[in-house]
Every structure is written in structure tokens, then in C-alpha cells.
Amino acid sequence: MEKEIKKSSLKVSENGLEKTVSSKRLEVLKTYKIYIGGQFPRTESGRYYQPVSASGKILANVCLSSRKDFRDAVVSARGAVSGWSGRAAFNRSQILYRMAEMLEGRKAQFIDELIQQDATKAKAEKEVNLAIDRLIYYAGWCDKFQQLFSAVNPVASSHFNFSVPEPTGVVSIIAPQGDSLLGLVSVIAPVIAGGNTCVVLASETKPLCAVTFAEVLNSSDLPGGVVNILTGKPAELASWFVDHMDVNATIYCENNSETKKMIREKSAMNLKRITFYDKINWYTNEGESPYFIMDTQEIKTTWHPVENIAGAGGGY
Amino acid sequence: MAVAKSIRTKPNLTIRQGDFALSTRIDQVGVEERASRFTKRSIKNDAKENGLKLVLNMIDLTTLEGKDTDGKVKQLCYKAMHPHDALADIPTVAAICVYPSMVKVAKKALGDSGIKVASVATAFPSGQAPRDIKIRDTKYAVNEGADEVDMVISRGKFHAGEYNFVFDEIASIKEACGDARLKVILETGELGTFDKVRRASDIAMHAGADFIKTSTGKIAPAATMPVTLVMLEAIRDFYYKTGKMIGMKPAGGISRSKLALHYLVMVKEVLGEDWMSNEWFRFGASSLANDVLMQLMKLKTGQYQSANYFSVD
């Protein structure tokens, strides 16, 4: 984007000769780096790729992450599980709300990036607004889905028997390719609202918003390691995302039947939960629901022995 | 003349020693840069697998807690003998390292597996006890069956400049060890400077140490690559001077196999092939073994591993 900068003329004296130089400022381009453990490293592989817009313009030099970046991200995510899941649900809610606030504050930048990635202005604005609203939506659910999905179960013995959802742990996510901001937010938010940590592979062709979203996360009280964002090629990384024994669940948002088959097979090694979100329209109400949170929860049932006070024969 | 000479000469020094205050001075910046170079080597595939197995074989699997029980020690001994049942042809660890009161339990549990029992002694970890108690502590451990004794030096006396006291103490513990090999813990985290680490290394080696060891594991910082490099160079210089090989044991803070491989590179490049066995080099560690097993499993299956599937002890 060539911006016309107010021309100023300088008289420069060089070797005693006077000449006029028109100074046009060189734009300082942003380096799009990956996000691991609350830091912004470059990929350890040193590789990069250049996503292009529909008009053929190179958007940026973006990290082409390797399996070792993924490995490092899982180590960070695993380290963050106990701290994040141990926080009060209400506190997680506050942090998700804060993420929405920070996103709101950088709206213009996201709209600009979406337009660079071929969205119209109206569509870009709609996508950013929906992404902010979606964070608010899941901020609200953080301390409420537990009541909705837990149960006190009737049992035929003197036990108080109840079931509650608990986070499954580390979730690997291959984000939607198309809706590069809204899709990303819509899959990350329910996972972390439920107390999990995650490693996300952003859209390959439209990665700009994902990296800028990482900057939002980094400035919104979210502990390092809870969300880790990589950029690169799903074709190269998908098998590692589902192969890793220290990953407890995998979410896949595309509709490649070969990849789905591979995910089903490899997830069997440590019985990962696998979820496919390939037919969801993130722009409508079907893109938000507490059931998305439940996709990465496990139900824990507790049998607590009690004296049968109210029953016949019970007494003091 | 003869009388005056006998006053000047310390009668209990069997090896001719210099003035330890004149030990080689260490260039701190140089050592740190040199040590960081060792972390730049690329070790892959077969070399990595062999390296990992060697690391496993050099581990002194350690439990030094107030809460240790017979059961815990037995379990650790089982782990030492069968590091991982699904991995074929992996070696055992080198030794189990415990408190003197646990030596008998460990000795019995290990049976004829060939795994050594090392015992800390001399009022570990502070070393703040009179010499006769330290000697009894050592003799107790040896009588219980310890193959190796890990003693601590008196850091307070060392800082006060009483090098002869430290020297004599190490020599007397060496005597109490009998056939058991003596590892001398310098507790480098309490020594403060590389100059002092070098000086303490020289004292320990001249006083009869079979191994010199960085740390108790109770003080941070424990083993680091630079401090280990200083000690390895002391061993090298001692070898050139006397022809006697001394072992090295970094302990505490080495929990990742990648770091352990860096240490192996350092040993090989400073001391050479002769030191590349558990006869002359050990890692004092408790969690390193599991990380090595996870890496070996990764090499075998191609899958990154989870700590959830490896036994804690």
C-alpha cells in the first residue's frame, strides 16, 4: 500500500555539493511471529511462507511452523493446565471479558487485516464485531455451564451421587481456514472457558488476524501457555496434532475426509476426544452454544457415602 | 635444619600439594561462552539413541527426602532395574543414591543386578557436624553395604580459608570409606565464584576423592554447565599432573535429556573417550531417567510422549 507522504525537501550537503533529496518514509512492516507460552518466538525451523491475497499481493512473511514448534507449544500448554483449570471459574470469566475489551480496542487493525485478506469492509466489520460478542458470550458461560451440565443422580444405596464436568486438559485445534478471525475465536473461546489449554494452528491462507489476536491475548491477563498459536500448513502438521500422547483432545474444523480418517485412527493411541466442526456457520447462532464447551469436558462422578436420614428406618 | 623442615611440612599429605590459595584462576566470561558452545551440537537419530542410552546408564537414581520410606526405596530400586518394560535393550541406571539408613534396604532390593548403592554421608546436606560423627556416619553407610559414599565438604571452613581442615577432613573420610569409592560434593551453589569451585576441586582431588560432585540438590543453583566445565578442567589438569583419573558427577537441575546430551558432549570434548562410561561420569538426578525414557520411546514409535504413561518412581 503506497501512501502519499507529505513531501519535504531537504538540502543535503555532500562533499560540498548541495542537492535536494525528497524523503519518502519507508513503511515499517510487522513481523508475524508465532505465540508459544506467552512469548512470540520465530519458528525454530527458520522457515516462512508468503500467503497472497486474491489480487496476488503478498500479505506478509509468515512463520512456517514445524513439528518441534508444536512440541514446544504442547509443553507450554501442559504446564499451564493446572494453573488455568485451578482458577475460579469467575476469574476465567473476567479474563475472557478482558480479551473482548482488548479486541474491541484494536478493532481497526483487525478490520484492516481482514480487508487485506480479501474481505469487504462491511463483512470485515461484521466479523470483528461478532468475534468480540462471542468472547463476551463465553465469558458469561465460564461459571454457568457447570450447573447446567452437572447432576445429582438417584442411586439405590446410601450415597450422595453427583456428576460434574471437568476440563480434559490440553486440546489441539486446527482452526477453520475460511473465517480467519471469527472461526478462530469461536473454537478457542469454549475450550479455554472450560478450563482447558490449547495449541491452535491458524488458517494457512489467512493467518494475519491469528497473530494479531495472539497480541490481544498477550495483553489481556491470560496466563502464558493457555493459548498457543502456530501458523503453517495443516497438511504438514495435522498428524502431529493428533499423534502427540500428551494431547487430550483434538478439534478439526475442515472437511477433508482423508485427514478425518487419519485423525480417527491416530487418536485411538491415547483415546483422545475428537471433534469435527466442519459444517458450522460461525456467523449464526449455531456457532455459539454451551455444548461447544462440553465437547472438551469430562464428566466426573463422585459417590459420597451418607446416612439415609430421610428414608424409612433412618433415625437419630 | 631437619627440625625446621618437619614443622613446615604437613606430615599427613601423601600427595605433594601446592598452596591451594594459588589454584588456577578462572576466566568466568570465557568459561560461560565455552560452555554455551557445547549446546550447539546437533545430535540426531542413531547418535541420539546411543547417547540417550549412555545417559540412562550414567544416572544415579536419587531419593534424598526426609519422607523416604523402605517402600519408596524398594520401588525406586525396581525402577532402576527395569526402567521401562516395553523398551527392549535399554541399560539399567548406574546406581541408587539414598541416605545411610536406607542402604540396607536398597542393597537387598537390588540383589545381584550389578547396580551400585551410593549413600550420602557426613551430615548431608549441611555437613555441620563434628568430624568423629561424620566418620561414624560414613562407616555406618559402608558397613550397611554402600558401594559409594557421597560426602559434603565443610563450606564454612572453606570460606574461612581453612583449606587444611577441609583437606584433612576429606582424607579422613576417604580412609573411613575403605573400598567404597568416595564422591566429594563441593556444593558449588554455596561457593560463590568459579575461582573457589576450582580451588575446592583441587583440594578434593589431592585429598583422595574418586569423584568430584557439584551439588547436594538441596541448594539452588545446583549443577550448571559452566560450573561443571570448571570442574572437568580441574580433573583434566589433575590427570596431566598425576596420571590419576577422577570421576565427575553433576547433580541437581538436570532433568531434560537434551541437556544431558549437552553434558556428554562437554565431557567428551574436555576429557575424552576414557571418561565416557559410568565408571567416570554420573548424573545425579531423579526425573532425568523418565525424560530419557520418553525420548527413547519417541525414537521408537515416532510419537511425542506424555509423562502420564511413565511410572513416577
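Just so it is clear, none of the values below were taken in a lab; they were calculated from the coordinates. None of these values were measured; they are calculated from a predicted model. Cβ sites come from the backbone with ideal geometry, for glycine too, and all protein chains shown count toward neighbours.
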When the Karplus curve 6.51 cos²θ - 1.76 cosθ + 1.60 is applied with θ = phi - 60°, which whole-Hz ³J(HN,Hα) does each residue of region B:40-49 get, with x for Gly and Pro? 9, 6, 9, 10, 10, 6, 4, 4, 5, 4
If one computes the Cα centroid of region B:159-226 and of region A:149-192, what distance in Å separates the two points? 54
Over the whole of B:296-306, what's the average partner chain Cβ count within 10 Å per residue? Rounded to a whole number, please. 4
With 10 Å bins from 0: P(r) over the protein assembly as shown, alpha-carbon pairs, percent: 3, 13, 19, 17, 16, 14, 10, 5, 2, 0, 0, 0
Length-normalised contact order of region A:174-227 in % [C-alpha pairs under 8 Å, at least 6 apart]: 42
Of B:HIS159, B:HIS84, how do they rank once you tally other Cβ atoms within 10 Å and put the fewest first? B:HIS159, B:HIS84
Toy charge model, Lys and Arg Cβ at +1, Asp and Glu Cβ at -1: the protein assembly as shown dipole around Cα centroid in debye, rounded to 20, equals 1180
I'd like the Karplus ³J(HN,Hα) series for region B:123-130: coefficients 6.51, -1.76, 1.60, θ = phi - 60°, whole numbers in Hz, and an x wherever there's a Gly or Pro. 6, 4, x, 7, x, 8, 8, x
Counting other beta carbons within 10 Å of each Cβ, put B:HIS82, B:HIS262 in order, fewest first. B:HIS82, B:HIS262
Going by alpha carbons, how many degrees (0 to 90, nearest 10) lie between the helix axis of A:89-105 and the longest principal axis of chain A? 20
Nearest 10 degrees is fine. How inclined is helix A:208-218 to the longest principal axis of chain A, computing both from alpha carbons? 60
Assuming 0.36 nm per residue, please report the length gained on full extension of the stretch B:THR39 to B:ARG236 beyond their Cα-Cα distance. 68.9 nm
Helix A:121-141 axis, angle to chain A major axis (alpha carbon atoms, nearest 10°): 30
Part-to-part distance (alpha-carbon centres) for region B:239-290 and region A:28-75, which is given in Å: 38
Chain A - percent relative contact order, Cα under 8 Å, separation 6 or more: 21
Under the definition of Cα pairs under 8 Å and six or more residues apart, what whole-number percent is the relative contact order of chain B? 20
In whole percent, the Cα-Cα distances of chain B spread across 10 Å bins from 0 upward as 6, 28, 34, 22, 8, 2, 0, 0
In whole angstrom, note down how far apart the Cα centers of region A:251-283 and region B:44-102 are. 39
Give a residue-ordered list of calculated ³J(HN,Hα) values for region B:250-259 (Karplus: 6.51 cos²θ - 1.76 cosθ + 1.60, θ = phi - 60°; whole Hz; x for Gly, Pro). x, 9, x, x, 9, 10, 10, 5, 4, 5
